[in-house]
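The values are calculated or read from the model by the stated rules, or taken from the named source; none is laboratory data. Since the structure is predicted, the reported quantities are computational estimates derived from the model, not experimental observations. So basically every Cβ, Gly included, is an ideal-geometry build from the backbone, and we count neighbours across all protein chains shown. Quick note on the areas: whole protein, heavy atoms, side chains included, nothing else; ligands and nucleic acids left out. Shrake-Rupley method; radii C 1.70, N 1.55, O 1.52, S 1.80 Å.
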Amino acid sequence: MPSLAGRHVLSIADFSRDEILHILATARDLAARPRRDLLQGRLMATLFFEPSTRTRLSFEAAMQTCGGGVIGFSDAASSSTKKGESLADTIRMVEQYADVIVMRHPRDGSARLASEVSRRPVINGGDGANQHPSQTFLDLFTIAGLFPALLEGAPLTLAFAGDLKYGRTVHSLLTALHHFPTVRVLTVAPRGLEMPEHHLAEAKAFGVTVTPCASLQEAVEEADVLYMTRLQEERFPDPLEFDHIKASYRITAAMLKSAKPALRILHPLPRVNEIAQDVDATVHAHYFQQAGNGIPVRQALVALVTGAC
Ligand code: NCD
């Protein structure tokens, strides 16, 4: 396996199946045998131009639990962007301060732009409605942990539900599934929020079948993994349209009565209304464990791109 040292993590599409499996295996090792000094002497900059809880905190926790340091901001208003500094200039500074840059930004393609002016690896923590590759590594880590036979080519049905138009986590995960063609993909989305055509065409070209479901209930009954997402309110061009759709889709414990016993529900979080609280106590709920997997997965990513392992 060629080293991943110095690699930017901009889109999951930039990674081969072998590289993805190597990152997952490294994360598994770190989860089983934590290495408290793995990132000692290294510094991470977290530049968050858009709100985040899990992504920023788990990158920072990943770094600190391996002995590394963190600088950064969680609100663009507290950075020089407020004074009119360009993103490229901000990156030209930060790459001199830190060994690795994790950035979240509302504009599609901003992480790639940052990588063009940085000699340090840039990890995309989410760019607009485009990509969220570190979330995808942790989603794959979670799915492979629940259904290990998938890695040997066993079939699996994964249903994407919710805002498939603006949700970057589903775009990234669908791209990753190109490497796992035994996954049958179902989709269920409120009208107008279906998966964009170019993602569907790309999936098809890679041999991944994507089938729309008639209802959320049908997806619940067919799926092994139900990947729920919230409506991306901040990316809706029209607030009235948002209010109209908001109430239309929600999963409750009662709806899970006819699910497969092994069904597991994932969600990148934050959840808003789309998963009722009574689902949390069912055996199907797995979203909080999924969020916990962000630590070993992000430790692995940072260690690999900084050349620490
Ligand atoms: C996701 C994101 O930011 O795209 N959150 C996350 O990173 N876990 C999902 C979302 O905000 O809906």
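Screening the stretch 83-105 for residues that are of a type in the set (S, T, N, Q) and assigned to a helix (DSSP H, G or I) and picking the one that is least open to solvent (accessible area, probe 1.4 Å) gives 90. Here the stretch 233-262 is the region considered, the condition is being part of a loop (DSSP other than H, G, I, E, B) and among the aliphatic types (A, V, I, L, M), and the residue that is least open to solvent (accessible area, probe 1.4 Å) is 259.
The single condition from (1) modelled with pLDDT of 95 or more; (2) within 16 Å of the ligand (Cβ to nearest atom); (3) more than 16 Å from the chain's Cα centre (by Cα) that residue 75 fails is (1).
Within the set 26, 55, the sole residue that is part of a helix (DSSP H, G or I), more than 16 Å from the ligand (Cβ to nearest atom) and crowded, with 18+ Cβ neighbours inside 10 Å turns out to be 26. Can you tell me which residues in the stretch 263-285 are away from the ligand (no atom under 11 Å from the Cβ), open to solvent by less than 30 Å² (accessible area, probe 1.4 Å) and part of a loop (DSSP other than H, G, I, E, B)? Result: 263, 276, 284. Taken residue by residue, the stretch 106-114 has at least one member that is open to solvent by 10 Å² or more (accessible area, probe 1.4 Å), part of a helix (DSSP H, G or I) and out of contact with any helix residue (DSSP H, G or I) (no Cβ under 8 Å at 6 or more places or on another chain).
Could you say whether any residue in the stretch 229-244 is over 23 Å from the mean Cα position of the chain (by Cα), away from the ligand (no atom under 16 Å from the Cβ) and touching a residue at least 12 places away in the same chain (Cβ under 8 Å)? Within the stretch 229-244, one or more residues are over 23 Å from the mean Cα position of the chain (by Cα), away from the ligand (no atom under 16 Å from the Cβ) and touching a residue at least 12 places away in the same chain (Cβ under 8 Å).
The condition of being free of Cβ contacts under 8 Å to residues at least 60 places away in the same chain and within 30 Å of residue 289 (Cα to Cα) holds for only one of 92, 104, that being 104. Selection of the stretch 29-52 for residues being open to solvent by 40 Å² or more (accessible area, probe 1.4 Å) and either part of a helix (DSSP H, G or I) or outside the structural domain of residue 121 (by TED's automatic domain parsing) (or both) yields 29, 31, 32. Residues that are of a type in the set (Lys, Arg) and within 25 Å of residue 213 (Cα to Cα) were ranked within the stretch 120-177; the one that is most open to solvent (accessible area, probe 1.4 Å) is 165. Taking into account only those residues within the stretch 264-291 that are of a type in the set (Asp, Glu) and touching a residue at least 24 places away in the same chain (Cβ under 8 Å), which is farthest from residue 229 (Cα to Cα)? Among them, the one singled out is 278. Of note, residue 77 does not satisfy the criterion of being hydrophobic (A, V, I, L, M, F, W, C) and in contact (Cβ under 8 Å) with a residue 24 or more places away in the chain. Given the residues 85, 60, 116, which is the only one that is without any contact (Cβ under 8 Å) to a residue 40 or more places away in the chain, more than 16 Å from the ligand (Cβ to nearest atom) and touching a Ser or Thr at 6+ places or on another chain (Cβ under 8 Å)? Result: 85 is the single residue among 85, 60, 116 that is without any contact (Cβ under 8 Å) to a residue 40 or more places away in the chain, more than 16 Å from the ligand (Cβ to nearest atom) and touching a Ser or Thr at 6+ places or on another chain (Cβ under 8 Å). Listed by position, the helices (runs of 4 or more DSSP H) contained in the stretch 128-221 that have at least 1 residues being touching a residue at least 40 places away in the same chain (Cβ under 8 Å) and within 21 Å of residue 241 (Cα to Cα) are 168-176. Cβ-Cβ distances below 7 Å connect the following pairs, each with a first residue in the stretch 27-40 that is free of Cβ contacts under 8 Å to residues at least 60 places away in the same chain, a second residue that is of a type outside the set (Lys, Arg) and surrounded by fewer than 17 Cβ atoms within 10 Å (Cβ to Cβ), and a separation of six or more residues or different chains: 36/67; 37/67; 40/67.
Scanning the stretch 150-170 for residues that are touching a strand residue (DSSP E or B) at 6+ places or on another chain (Cβ under 9 Å) and hydroxyl-bearing (Ser, Thr, Tyr) yields a count of 2.
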